[in-house]
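Notes follow the structure.
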C-alpha cells in the first residue's frame, strides 16, 4: 500500500477513534426550585440538602440556569418553577438485639446490628412562572434501609443521603432525559412572548 493510502487510513482511524463532541441538550430556561414540608414534616436540613443536590443535577445539561430559593419563590426571577412538596417523613433505628441488649454498653460490634430506615414522599411539579401552567409532574416515595458497613458509620445519615440520591435520580429521569419532549410541553405552557426563540 502506498504511503499516501496509509496516511489516508491513519487519518480515517484517528477520526473514528475521536469521540464526537457531546450535544448540548440543556434547555434555555431559568428554573426556580422551591420546596416545602407538608404533613409529617422532616428536618429542614434534609430539605435544603435535597434542593442543592437537585439544583446541581439539573444544572449539568438539563437547564441553562437553576436557582434555589428559601423564601417566597415569587420573588425570584425565572421562566419555570419546580415546586417540591415533601411529606410523610419516617426516620427510625431498628435493632437486631433485644431492648436490654441494645442498651447494654461495652460491646463495640453491637452498633453493626442496627438498621436505619428513612422514608419520604415527594410531589414535584414543574410549571411556568407566568401563570403556573402545568408542564410536568412526578410523585414518588423514597424508602431506604441502611445497615452500618463499618464501625463508626452513622446509618441514619447514610440513609438520608441515599434517599436524596434516589429522589434526584428519579426526578432527573422525568425532567431531564427526554429534553425534546419536555421542550414541547414547556413551549405549550408558556406565553408566546416569553418562549425562547428557535
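With neighbour counts taken as other beta-carbon atoms within 10 Å, the residues 29, 85 rank, fewest first, as 85, 29.
How long is the gain from residue 139 to residue 88 if the chain were fully straight, where each residue apart is worth 0.36 nm and the alpha carbon distance is subtracted?
Numbers: separation 51, 0.36 × 51 = 18.36 nm, distance 1.29 nm.
Roughly 17.1 nm would be gained on extension.
The mean sequence separation of alpha-carbon pairs under 8 Å and at least six residues apart, normalised by the residue count of segment 23-192, gives a relative contact order of 23 percent.
Once both labels are positioned 7 Å from their Cα atoms along Cα-to-Cβ, the gap between residue 147 and residue 162 label points is 1.1 nm. Of the residues 173, 138, the one with the fewest other Cβ atoms within 10 Å heads the list, and the complete ranking is 173, 138. Counting only DSSP beta bridges with both residues in segment 23-192, the antiparallel share comes to about 70 percent.
Mind sorting 30, 184 by how few other Cβ atoms lie within 10 Å of their own Cβ, fewest first? Can you show the working numbers first?
Details: 30 15, 184 11.
By the 10 Å Cβ count, ascending: 184, 30.
What ranking do 70-77, 38-45, 49-56, 120-127 get when scored by the average of other Cβ atoms within 10 Å per residue, highest first?
Ranking the peptides 70-77, 38-45, 49-56, 120-127 by packing returns 120-127, 49-56, 38-45, 70-77.
For segment 23-192, the orientation-averaged shadow of the C-alpha convex hull comes to 11.5 nm² (one quarter of the hull surface).
Bear in mind that the values in this text are calculations on the coordinates, not laboratory data. Because the structure is predicted, anything quoted here is derived from the model rather than measured. All Cβ positions, glycine included, derive from the backbone under ideal geometry; neighbour counts span all protein chains shown.
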